[in-house]
Each structure stands twice: as structure tokens, then as C-alpha cells.
1. In terms of the Cα gyration tensor, with a ≥ b ≥ c the square roots of its eigenvalues, is region 89-205 rounded because a/c is under 1.5, prolate because a/b exceeds b/c, or oblate?
2. Fewest to most neighbouring Cβ within 10 Å: what's the order for 207, 191?
3. So how do 21, 47, 140, 181 line up by other beta-carbon neighbours within 10 Å, fewest first?
4. Taking 0.36 nm per residue of separation and subtracting the Cα-Cα distance, what length does fully extending residue 192 through residue 134 add?
Ligand SMILES: Nc1ncnc2c1ncn2[C@@H]1O[C@H](COP(=O)(O)OP(=O)(O)OP(=O)(O)O)[C@@H](O)[C@H]1O
């Protein structure tokens with residue numbers, strides 16, 4: 001795959017479940033590597049269905065699909081896991097492994113990737129702390145609240161730094177402060193090069209990411225096939241806020257390699273602290 005190639009390209013994709021009418025129709029879009037996308041649309045518009053296609057759980061009924069430079073509709077099923085391993089997924093219903101602790105759920109992608117036990121603890125503990133669950137490390141999913149389960153699911157999806165993260169309503173069960181914190185985690189991951197696709201109804205979330213591309217589904221049709229829609233329009237954003245926002249959201253999380261840290265810049269830490277106190281509202 002060429003470095004300029006889109007990470008995903010859908011051409012005139014349609015999806016029907018069984019013999020029912022199409023729930024996605026004529027969907028064409030290109031997702032560029034390293035960008036941040038929001039997928040919006042009313043309930044039933046087809047967001048989850050489109051995400052399922054993106055995370056390779058559902059094959060389109062028609063059209064063409066390329067991913068990581070490969071035709072996904074003609075490759076043998078046996079090759080799909082190799083592509084799935086490059087994706088992180090936050091499911092709407094979390095899908096945590098019930099008999100495993102929060103810690104072990106989060107460690108799962110690293111164990112599957114063959115990371116040695118002695119190298120696991122630091123990244124897993126960093127992630128637990130980032131999602132505010134260090135005190136719940138040993139808890140099983142059934143004893144966690146919906147919001148806590150959602151945070152474990154997010155930590156599990158991002159810990160292996162996937163090429164693309166696909167998240168279905170990832171802030172649906174958390175309060176606005178936690179939603180902003182989780183968004184900042186996605187943003188940090190995006191800054192490290194991961195393409196992010198977040199399906200959400202939450203326009204407040206969308207407003208926090210002025211550079212994100214918005215894709216809106218309406219009754220199974222993508223309203224902006226070029227992916228050029230932005231919110232809010234750039235011209236309406238006062239100058240200066242963008243820079244402040246960038247600094248406040250600069251990645252500070254554990255899986256950032258030491259040499260990627262902006263060490264020695266205390267003002268960033270102060271900005272992050274101030275932004276957290278404000279609930280990540282920009283002044
Ligand atoms: N497995 C399935 N079998 C049959 N129909 C389905 C299936 N999954 C979804 N649908 C239908 O497809 C349409 C799109 O559903 P989808 O879940 O993709 O929408 P959505 O935009 O994610 O909705 P929400 O915001 O409520 O989660 C709906 O009419 C839904 O009833």
C-alpha cells in the first residue's frame with residue numbers, strides 16, 4: 001500500500017440483512033490514514049452497520065471495499081484475522097470477557113500479540129490509571145458499572161496502538177467529564193498516527209474536535225461522500241483556541257514512548273490540569 005493510499009476505500013457499498021431492504025445504500029468514502037472521523041446520524045441510520053463493515057465483522061452485500069491496500073471482498077477468510085489484528089474496536093455492548101478481571105481484559109490484546117508477562121504490567125497499569133480504574137483492576141466485568149465497563153473496553157481497544165480504532169458510541173455511558181477525558185485519549189492515539197472512527201450522537205463531543213471529519217448517515221446513505229464536512233466551520237472558530245486545545249490535549253499517556261514525550265515542558269502539565277478542572281471546556 002502506498003503511503004498516500006486511503007486506509008479504507010468503500011465504493012458504492014450496500015448492505016442488507018437477510019432479504020430485508022438495504023440498511024446501507026450506495027456508500028462511497030475514503031478514510032485517510034491518520035485522520036479523525038466522526039460518524040453521526042439518527043438512531044437506525046446505519047452507523048453500527050457501517051462500523052461492522054469497517055471492523056470486518058460484516059461483509060457488504062454489494063460494492064467494493066479496499067483496506068490497507070487489499071481488496072477485502074476477494075481475500076480468503078483465513079486472512080481476515082491478520083487484518084483484524086490491526087484494528088481496535090470499542091463495541092456498543094463492550095463485549096468484555098466475563099471471567100477475566102479488568103486488568104486481564106485490558107492485557108488481552110498484548111497477550112495475544114505475544115508480549116511477555118513482565119512487559120505487560122506497565123502499559124496495562126498506565127491504561128487502567130488513564131481511564132480512572134486503577135482501584136478496580138481485579139474486578140470482574142459483572143461487578144463494574146456500565147461506564148466502568150465502557151472504560152475497560154476502550155482501554156482494551158487502544159492499548160496495542162492499532163492502525164485504526166473503530167468505536168461505537170464510546171462515551172454513551174459516562175459523564176461529560178469522563179467523555180472529554182476519553183476523547184483526549186482517542187486524540188492522543190490519533191496524534192500517534194492511528195486513524196480513528198467514532199460513531200456518536202453527542203454533538204458536544206464532535207465540537208471538541210474541530211479538525212475531525214464528519215460523516216453523516218441518513219437512512220443508510222452517507223450524506224457527505226467526500227468526507228469534507230467539518231464542524232463547526234473553521235472560519236467561525238476564534239484564532240488562538242486551537243493552539244490552546246492542542247497543548248492541553250497533548251498526549252501524556254503511558255503508551256507514548258519516552259522519546260515521543262515533550263519532556264521538560266511544565267506548562268503543558270499545567271494546561272492539562274487546568275483543562276481537567278474546567279471539565280475540558282476551552283476558556
Ligand atoms: N442483524 C440485523 N438483522 C436485521 N436488521 C438489522 C440488524 N442489525 C441492524 N439492523 C437494522 O439495520 C438498520 C440500521 O441499524 P444500525 O444498528 O446500523 O443503526 P444505528 O445508526 O447504529 O442505530 P443506533 O444509533 O440506534 O445504534 C436498523 O433498521 C436496524 O433495525
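1. Values: a/c = 1.71, a/b = 1.22, b/c = 1.40.
Taking the square roots of the gyration eigenvalues as a ≥ b ≥ c, region 89-205 is oblate.
2. Working: 207 12, 191 16.
So the ranking, lowest neighbour count to highest, is 207, 191.
3. Values: 21 8, 47 24, 140 16, 181 20.
Least to most surrounded, the residues fall as 21, 140, 181, 47.
4. Numbers: separation 58, 0.36 × 58 = 20.88 nm, distance 2.39 nm.
Here the answer is 18.5 nm.
Readers should treat all values here as calculations from the given coordinates under stated rules, not as data from a laboratory. Being a predicted model, the structure only gives us computed values, none of them experimental. Note: ideal-geometry Cβ built from the backbone for every residue, glycine included; neighbour counts use all protein chains shown.
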